[in-house]
Amino acid sequence: MQKQLCRRRIDEIYALPQADRADLSLRQFSDTLILLQHPPVYTNGRRNHGKLQPDEIERLHALDCDYVETNRGGEITFHGPGQLVGYPNLYLKDHFLATKCFVKGLEYTIAETCAHFGIEAKTIPGFPGVWTSPTQKVAALGTHVQR
């Protein structure tokens, strides 16, 4: 059921004109955290829009994965079953937060949550996300901030 609901929601959102998509994050959804698992999908951030060749996208589809270009930062990322994805939606000004402070707060909260479960995790300067070792990331962050 989750796969059907998630797929339906993604299709509905991306069928909307860009201006209407922005309306989905109005204040009515502020101070909301959505936690979910995606069906297999590769999302690509703004930095890589239009850079994947059609044959690469077809290869992803052959793996039974969707491909979606998003408005978040970052590059191509896989999301799938067993991976918890969080979408915090808030007005940073309401919480007197700058973007960098918000991202650092997310990283800190994730590291503290890991510690609660006996997992040692930390940030690594210059490398966004939360890491359990120099080569193993426990949490990636892709954000979209708009004025």
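Quick notes on this structure:
- Counting only heavy atoms of the protein chains and using a 1.4 Å probe, residue 46 has close to 130 Å² of accessible surface.
- Loop-located chymotrypsin sites (Phe, Trp or Tyr not before Pro) in segment 52-143 (DSSP state not H, G, I, E or B) with no more than 16 neighbouring Cβ atoms inside 10 Å: 91, 96, 117.
- Note on residue 58: accessible area approximately 110 square angstrom, rounded to 10, probe 1.4 Å, nucleic acids and ligands left out.
- Fraction of accessible area attributable to carbon and sulfur, segment 108-147 (%, probe 1.4 Å): 57
- Pairwise FRET efficiency - residue 32 versus residue 100, Cβ, R0 = 22 Å, nearest 0.05: 0.50
The values are calculated or read from the model by the stated rules, or taken from the named source; none is laboratory data. Predicted, not measured: the structure shown is a model, and the values here were computed from it. No Cβ is skipped: glycine too gets one built from the backbone with ideal geometry, and neighbour counts run over all protein chains shown. For accessibility, only protein heavy atoms count, side chains too; no ligands or nucleic acids. Shrake-Rupley method; radii C 1.70, N 1.55, O 1.52, S 1.80 Å.
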